[in-house]
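Working notes for the structure below.
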Amino acid sequence: MHDKYWKTFALASGSYAPWLRDNGSLTARIQQRCKTFSVQTLHSKQMNAAYDEIALLGLPNNQKIFTREVYLYADFKPVVFAHSVVETQHLRGVWRSLKNLGTRPLGAVLFAHPMVHRAPLHYYALKSHHVLYRRAVENLGIAPPKLWARRSVFTLHGAPLLVTEVFLPDILTLPNNISKVISAK
């Protein structure tokens, strides 16, 4: 089940489309296009799940979940706001490595584990009224009309983990291909 606003196809055209539609590791793709990559952790804590997260993960109402929110930086500019949620009970089980990620990228864990399965991507153009839009821009001093986001559920031994990636405008400043970064070194 998914929220009626998130679609299985990206209506984005132009520069955002390749970023949205790529099924590989977003972390690896960004790292290939910059000289310096880093993760800034905003928080890792228990929170109430949002309505669309409850529906997508099949949780009861008012369920507490573990939430991790970070900015991914490329060459010292924030390019992605990432929001990950998992049932708290799974932190003692299959997703226990999430508790101690710190400034390490989640993508490195997800794409390195051969048993992790990724569900299809869903897309949405977040507007200023959406909670993830507000969280993504609150520390940045920017307020574009919309922010493109994608999300998918990763499953390991039946335990779901929802990852939402919100693309910030500076993602478009990264080189389109790896050769630009290599030749600049």
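The values are calculated or read from the model by the stated rules, or taken from the named source; none is laboratory data. Predicted, not measured: the structure shown is a model, and the values here were computed from it. Here Cβ is always computed from backbone atoms with ideal geometry, including for glycine, and neighbour counts include all displayed protein chains. Ligands, DNA and RNA are stripped out before the accessible areas are found, and what is left, the full protein with its side chains, is counted by its heavy atoms. Shrake-Rupley method; radii C 1.70, N 1.55, O 1.52, S 1.80 Å.
What's the extension gain from residue 46 to residue 127 if we count 0.36 nm per residue and subtract their Cα-Cα distance?
Roughly 26.6 nm would be gained on extension.
Phi-derived couplings, Karplus 6.51 cos²θ - 1.76 cosθ + 1.60 at θ = phi - 60°, listed residue by residue for the range 119-125: 6, x, 6, 10, 10, 7, 8 Hz, with x used for Gly and Pro.
Take the chain with all the other protein chains still there, run a 1.4 Å probe, and you get 50 Å² of accessible area per residue. Taking the protein heavy atoms of the chain in the context of the full set of protein chains, the accessible area attributed to carbon and sulfur is 53 percent at 1.4 Å. Going 7 Å from the Cα of residue 99 along its beta-carbon direction, which residues of the range 54-73 have the amide nitrogen within less than 14 Å of the resulting point? What the label zone holds, given the 14 Å backbone N cut-off, is 66-67. Which of 87, 138, 53 moves most in a GNM of the chain, Cα contacts under 10 Å? The residue with the greatest mean-square fluctuation here is 138. With 18 Å as the limit on Cα-Cα distance, the pairs of 7/64; 7/146; 45/127 that go past it are 7/64; 45/127.
The string of couplings for the range 137-144 from the Karplus curve (6.51, -1.76, 1.60, θ = phi - 60°) is 9, 4, 9, 9, x, 10, 8, x Hz, one whole number per residue in order, with x for Gly and Pro. Each of residue 6 and residue 32 was given a label point 7 Å from its Cα along the Cα-to-Cβ line. The distance between the two points is 2.5 nm. Ignoring the sites themselves, the chain has its longest run without chymotrypsin sites (Phe, Trp or Tyr not before Pro) in a DSSP loop having at most 11 other Cβ atoms within 10 Å at 77-185. Would you report the distance distribution of C-alpha pairs in the chain as whole percents per 10 angstrom bin, up to the bin with the largest distance? Taking every Cα pair in the chain, the percentages come to 9, 38, 39, 13, 1, 0.
In whole percent, what relative contact order does the range 83-185 give with Cα contacts below 8 Å and a gap of six or more residues? Walk me through the numbers on the way to the answer.
Working: 115 pairs, mean separation 30.7, N = 103.
It comes to 30 percent, rounded to a whole number.
With K and R counted +1 and D and E -1, the other residues having a Cβ less than 13 Å from that of residue 93 yield a net charge of +2.
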